[in-house]
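What follows is calculated from the coordinates using simple rules that are stated; it is not laboratory data. Every value quoted in this text rests on a predicted model; they were computed, and no experiment measured them. Every residue, glycine among them, receives a Cβ derived from its backbone with ideal geometry; neighbour counts consider all protein chains shown.
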Amino acid sequence: MSRRLDILVSGAGIAGCAAAIALAEAGHDVRLVERQEEWAFASSGIFLYANALVSLEALGALDPVLAAGFVVPEGRNLYLDHLGDPIVTTYYPTADDGRIPAVVGIKRAELHRILADRLAEVGVDVELGTTIADLAEEAQGVRVVTSDGRVCSHDLVVSCEGLRSPLRQYVAPGSEVRYSGFGIWRSVHERPRDLTDKIMQMGAGTRLGIMPISEDRLYTFGTVVDPDKTWHQRADWPRLMREALAEHQGPARPLLDEVDDATDVLYTAVEEVALPLPWHRGRVVLIGDAAHASTPFMGQGGAMALEDALVLAQSLEGDDLEQALTRFGELRHPVCTYAQDVSRRVGEAGARVRDDFAEFAAGAQAAVDGFYAELDRLRTGSVV
Ligand SMILES: Cc1cc2nc3c(=O)[nH]c(=O)nc-3n(C[C@H](O)[C@H](O)[C@H](O)COP(=O)(O)OP(=O)(O)OC[C@H]3O[C@@H](n4cnc5c(N)ncnc54)[C@H](O)[C@@H]3O)c2cc1C
């Protein structure tokens, strides 16, 4: 937008922080509200593939991410069977001729610390414990009442409120979250010095990943099939995680054995949001998980949220807000839907019990290369 806009960003997760940074850097006035009273984030880790790292560089956050996280040597991913025997090794692509690494693991809390530092540098405060209580479109803007009682008029409201975004019902009434049929166990451990690769162990219907996230920590994530969306008592999580992934030996075994009541364990029933366009209504736009929460099997949800933020800022360079938001959706919907669809298929394929992995091994590297090449092709025309 050639004009400086007054923008309210709701939700300070990956999408909200990135949007606030990108929009402030583009010269807009940004207000960022976050529901949580305290800025606390899940203790597990997150993978940032090269496309996420490219976006973090554009947001001025790449160097601290590389310093705090763990760069996987050569972007190597070892596929092992549940006993720990090798199936195939694949390599994720780097970006910019190898200057940007292929994949970095990082603690989620560290990623948010880095994004918070950038918010401070661009002059955006996070208003904690604040939500949108009421919103009404008026001729010249959106009249918003926030939970602290303030009444303000904004040119644009960006919903970055994640999977359960209340504003999604405003933009797309009746839209629903879809349960994927999968649950994911996660735990954080001390990293053995020699464990430096990303590892995926393929079991009979379960998959267990191991990912270094810092010099001293790694995290594990185990996928289980759970069509009934079973609710588990939190106190039982460590025991249930051990039981659910009991078939895994090899490098997973000592990690599973050390899971006890003192271990940081998380269980997530994985849900998706598959929303057709438009992703905006009037002056309210959805980005990140609010628009397109995905299963995590391609590790792309955070990357898509970062890209959304940059593309939104770029789209607002035009003069007409309706056209800008329409363009944003048109640029992002194919990319995010593709990542979502592939992720869902990978999850379903991983849940199938196989007699052998020969076919999987033969096509594994081509599948990785094909996925990133198609993402690149679909992104053509946008800033990232
Ligand atoms: C098990 C699992 C593993 C994953 N692994 C990866 C990975 O390795 N790599 C990757 O790129 N992605 C991964 N993802 C996906 C990634 O975590 C999400 O896509 C990403 O966090 C989305 O960011 P977001 O900001 O859109 O939403 P969120 O992270 O959900 O943030 C939403 C924010 O909005 C706040 N909020 C909610 N409601 C309101 C409200 N009404 N008002 C104000 N604030 C509100 C919330 O408190 C939160 O801070 C994984 C997801 C799962 C479930």
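Data overview
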| quantity | calculated |
| --- | --- |
| Debye intensity ratio in log₁₀ form over the Cα atoms of segment 1-133, taken at each q of 0.12, 0.17 Å⁻¹ | -0.56, -0.92 |
| 0 to 90° range, to nearest 10: angle between helix 14-25 axis and the chain longest Cα axis | 40 degrees |
| Shape category assigned to segment 71-116 from the gyration tensor of Cα positions, a/c cut at 1.5 | oblate |
| Value at 222 nm in deg cm²/dmol, rounded to 500, when DSSP H runs of n ≥ 4 in the chain each add -39,500 (n - 2.57) | -11000 deg cm²/dmol |
| Whole-Å semi-axes of segment 84-208's equivalent ellipsoid (Cα gyration tensor) | 41, 22, 15 |
| Cα centroid separation, segment 273-328 to segment 73-128 (Å) | 22 Å |
| Restricting segment 211-254 to trypsin sites (Lys or Arg not before Pro) in coil, as DSSP defines it, with at most 14 other Cβ within 10 Å | LYS229 |
| The chain: Cα Rg divided by the 2.2 N^0.38 Å rule of thumb | 0.98 |
| Two-site label geometry, ALA269 and ALA246: point separation in nm, points 7 Å out along Cα→Cβ | 2.4 nm |
| Full-stretch length increase - ASP261, VAL122 - with 0.36 nm per residue and alpha-carbon distance subtracted | 45.9 nm |
| Order of TRP279, TRP231, TRP237, TRP39 under a 10 Å beta carbon neighbour criterion, fewest first | TRP231, TRP39, TRP237, TRP279 |
| Kirkwood-based shape ratio for segment 192-349, expressed as Rg/Rh from alpha carbons | 1.07 |
| Shape of segment 148-232, Cα gyration tensor, a/c cut at 1.5 | oblate |
| Selection of GluC sites (Glu not before Pro), segment 96-196, meeting DSSP coil and at most 13 other Cβ within 10 Å | GLU176 |
